[in-house]
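For reference, the structure discussed in these notes is given below.
The values are calculated or read from the model by the stated rules, or taken from the named source; none is laboratory data. On a predicted model such as this, the values are computed, not experimentally measured, just so you know. A quick note on method: Cβ atoms are made from the backbone with ideal geometry, for glycine too, and the neighbour counts reach across all protein chains shown. Accessible surface is based on the protein model in full, side chains and every heavy atom, while ligands, DNA and RNA are left aside. Shrake-Rupley method; radii C 1.70, N 1.55, O 1.52, S 1.80 Å.
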Amino acid sequence: MGNIHAQAKSDAPPRDPFAVAPELDINEAEKSSKEADKPESKNPGSFEELPRKTKEVIATPFEGCRFTWNKLITERFTASHTVNMSSFKPANYKFGATYVGGKKLGPNEQYPILISEYGGGMVQFQGIHSFTKEIQAKAVIHASDKTFSMYQGDIGYKGDDFSMQLTGVNASVINPQGIWVGHYMQRVTKTLSLGGELMFQHGMGARNAALTLGGRYRNNNSEFVVKAGEQGTHLCYYHKGNEQVACGVEFEYVKQIGESVTTFGYSVDLPKGMSQFKGSIDSDWSVTGVLEKRFEALPFCFTLSGLLNHKKNQAKFGIGFTIG
């Protein structure tokens, strides 16, 4: 399943390089539950996750000071406390809780997964459950000021060599409104997969539909992704040099505002030093670097983040501490 706001913000301009990164990736539990030593699958994955490998090597900066404490309460329940302080926005505290159920579909794949977070006057909830190995459902709710600011529901099916997904964002069947998105991905050959996305938006007295087609070519160490449609063009190239080094290039063009951005990123893992460094540079002259250092004897992670925009003569720096 995919990003909470992936479709709701599909018409948005390219990401502001100085925007503060989300403090909590509420998809992290779902990702970690799937990262197991499983045999190679013929399933091509979902259409919206095509650029995932390239985006993973591009540095995501944050600004200010961030402290996170993760506490394992029971075998299935984890709590987290996060404090953010910066000059970019008011300081805030967030409490998070994660529950992982006992239904096992793989060595490290258990469901249901329930994730919640409260802070800054907003409550976020996400639930993920696989009824079978083929069928998975997901629900996301954001609430603030005693109202639901966003709600989303996903249902997906994974076949042997294809996948399909239906997503509704702020959508209603009784009173037609919101955004409906359908995805389909088909594996054509061992190296080539093709698919498409159809988005329909209804509300505010208007109806809009947009079709996007795309595909992925993959070999042993690299992959090339293209997505093109009425909303714009998205190109990605990913290459894995070895077990420690990977790089990627991403190009995004948003037709509605007529702007594009190209980003080059790389990732370096240092296993002996228990460290990882990600760096990137884009066509807006933003240079970004994020260093993450773990300690063998302690459940402690130290993170440094920096972003410098030569064109705007601006800089942002961040420091993070994570326990647990």
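Annotations
- Count of residues meeting criterion [within 19 Å of Gly153 (Cα to Cα) and out of contact with any helix residue (DSSP H, G or I) (no Cβ under 9 Å at 6 or more places or on another chain)] in the stretch 179-208: 9
- When the residues of the stretch 251-275 are filtered to those that are within 19 Å of the chain's Cα centre (by Cα) and closer than 27 Å to Gly320 by Cα, the one that is surrounded by the fewest Cβ atoms within 10 Å (Cβ to Cβ) is Phe264.
- Pair list, Cβ under 8 Å, 6 or more apart: the stretch 202-229 residue more than 30 Å from Ser172 (Cβ to Cβ), other residue part of a strand (DSSP E or B) and acidic (Asp, Glu): Arg216/Glu223; Tyr217/Glu223
- Residue match in the stretch 228-238 (condition: in contact with a Pro (Cβ under 8 Å, 6 or more places away or on another chain) and under 18 Å from Thr60 (Cβ atoms)): yes
- Among (1) touching a residue at least 40 places away in the same chain (Cβ under 8 Å); (2) closer than 15 Å to Ala139 by Cα; (3) of a type in the set (A, V, I, L, M, F, W, C), the one test that Leu166 misses: (1)
- Strands (runs of 3 or more DSSP E) fully within the stretch 137-188 counting 1 or more residues that are under 14 Å from Phe47 (Cα atoms) and of a type in the set (Lys, Arg): 147-158, 177-187
- Within the stretch 189-235, being surrounded by 12 or more Cβ atoms within 10 Å (Cβ to Cβ) and assigned to a loop (DSSP other than H, G, I, E, B) holds for Thr191, Glu230, Gln231.
- Checked against (1) under 22 Å from Ser286 (Cα atoms); (2) more than 20 Å from the chain's Cα centre (by Cα), Phe62 passes all but a single condition, namely (2).
- Of all residues in the stretch 59-79, those that are in contact with a Lys or Arg (Cβ under 7 Å, 6 or more places away or on another chain) and either loosely packed, with under 15 Cβ neighbours inside 10 Å or of a type in the set (A, V, I, L, M) (or both) total 2.
- Residue count for the stretch 80-111, restricted to those that are closer than 30 Å to Phe131 by Cα, more than 23 Å from the chain's Cα centre (by Cα) and crowded, with 16+ Cβ neighbours inside 10 Å: 0
- The set of residues from the stretch 178-188 being open to solvent by less than 70 Å² (accessible area, probe 1.4 Å) and touching a residue at least 24 places away in the same chain (Cβ under 8 Å) comprises Gly178, Ile179, Val181, His183, Met185, Gln186, Arg187.
- Test: residue in the stretch 112-132 that is at positive phi, in contact (Cβ under 8 Å) with a residue 12 or more places away in the chain and open to solvent by 60 Å² or more (accessible area, probe 1.4 Å): yes
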